[in-house]
1. Being outside any strand (DSSP E or B) and farther than 20 Å from residue 156 by Cβ is the filter here, so list the residues in region 106-136 that pass it.
2. Mind checking whether some residue in region 151-168 is touching a helix residue (DSSP H, G or I) at 6+ places or on another chain (Cβ under 6 Å) and assigned to a loop (DSSP other than H, G, I, E, B)?
3. State whether one or more residues within region 251-265 are within 18 Å of residue 201 (Cα to Cα) and assigned to a loop (DSSP other than H, G, I, E, B).
4. Do you know which residues across region 37-47 are under 12 Å from residue 269 (Cβ atoms) and either touching a helix residue (DSSP H, G or I) at 6+ places or on another chain (Cβ under 6 Å) or surrounded by fewer than 17 Cβ atoms within 10 Å (Cβ to Cβ) (or both)?
5. Would it be correct to say that residue 158 is touching a residue at least 40 places away in the same chain (Cβ under 8 Å), out of contact with any Gly (no Cβ under 7 Å at 6 or more places or on another chain) and more than 30 Å from residue 51 (Cα to Cα)?
6. Is it the case, given these coordinates, that residue 43 is within 18 Å of residue 231 (Cα to Cα) and in a helix (DSSP H, G or I)?
7. Exactly one condition in (1) assigned to a strand (DSSP E or B); (2) in contact with a Pro (Cβ under 9 Å, 6 or more places away or on another chain); (3) of a type outside the set (A, V, I, L, M, F, W, C) is false for residue 229; which is it?
8. Return yes when residue 129 is among the aliphatic types (A, V, I, L, M) and surrounded by fewer than 18 Cβ atoms within 10 Å (Cβ to Cβ) and no when it is not.
Amino acid sequence: MKKLILHSLLFILSKLPLPAIRWLGGVIGLISLKLSKKSAKRLPHNLLITGLATIDTVSDLTIATAKSLGMTLVEAALIAWSHDRKKIEKLSQVDESFYAVKKLIENGQNVVFLTPHIGNFEVAVKYFAYNLPMNIQILYKPSKDNVIEQIMLNGRREANITPVPTNRKGVISLMKHLKAGGCIGILPDNVASGGDGEWVKFFGQDVYATSLAAKICQMPNTHVVIVQNLRTKTGFSSKCIPFNPIENDTHAIMQELYLEIERLVREAPEQYYWSYDRFRHPNNAKPKL
């Protein structure tokens, strides 16, 4: 019954125009900020320690960021997961960097998409899948709720999109797919768990970064691009930024990557996922250098 109700509700709401979807998302974001003590504390804290906000501006930026996060979640559920190709294509804009990636894939090159938590990467994945000649596997974090898990999986899947979980089995599948000539997509700015991470600087703060992206960059004949998909007044605007690290050391690559993510975040700081506990010190993390 829960599954049927949620599916029906999402289907009805997906018919709303973009302004209404974003208004709904903004309201949900503000309610979450009010109800979650962790978010209410963490969000302004992160904005202040990164220098993106001052004491005078932090309140306004916190509200804008909370609303943006709510929009991201609702846009994912009502736009990206609705399998409405016409709607996604109508709302999405790309530049010449997208067509450069398309040419790489058409020429049989391996392409890895790094999609930081900026704007709405869920919409970008769908647009790319609809318009690029690729078969892509994407990493995702499974939900503990079985109904929500099925909604996410059904929404993310397409004929050429296969979601795989963020565990050892999922990563092995991802790497096999890449080595076989397929494309893959990962979120490169998650906090690592245990000893499999690298301490890097992000807005001057220590972040324990997952090292998977660096290991992929070290693979031969692999083209890595960072996807920035920002929210605009009329929809979404995507850029594909080639990532060609200068160094070949895992730590150095991750630091270069985070500096590039930092540059992209500064273009629209309110569209980054700042309610995430990004600056925590995980158990069993490596010692800081």
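Read the figures in this text as sums done on the coordinates, not as results from a lab. It should be emphasised that the depicted structure is a prediction, and the values quoted were computed from it without experimental measurement. Heads up, the Cβs are rebuilt from the backbone with ideal geometry, glycines too, and the neighbour counts pull from every protein chain shown.
1. As a first pass, look at region 106-136 and keep what is outside any strand (DSSP E or B): 106-109, 115-117, 120-135.
Across region 106-136, the qualifying residues are 106, 107, 108, 109.
2. Yes, region 151-168 contains a residue that is touching a helix residue (DSSP H, G or I) at 6+ places or on another chain (Cβ under 6 Å) and assigned to a loop (DSSP other than H, G, I, E, B).
3. Applying the first criterion (within 18 Å of residue 201 (Cα to Cα)) to region 251-265 yields 251-265.
Cutting the leftovers down to assigned to a loop (DSSP other than H, G, I, E, B) gives us none.
Within region 251-265 (the criterion being within 18 Å of residue 201 (Cα to Cα) and assigned to a loop (DSSP other than H, G, I, E, B)), the answer is no, since none of the residues qualifies.
4. Of the residues in region 37-47, the ones under 12 Å from residue 269 (Cβ atoms) are 43, 46-47.
Within region 37-47, 43, 47 qualify.
5. Against the criterion (touching a residue at least 40 places away in the same chain (Cβ under 8 Å), out of contact with any Gly (no Cβ under 7 Å at 6 or more places or on another chain) and more than 30 Å from residue 51 (Cα to Cα)), residue 158 qualifies.
6. no
7. With respect to (1) assigned to a strand (DSSP E or B); (2) in contact with a Pro (Cβ under 9 Å, 6 or more places away or on another chain); (3) of a type outside the set (A, V, I, L, M, F, W, C), residue 229 is out only on (2).
8. No; evaluated as a whole, the condition is false for this residue.
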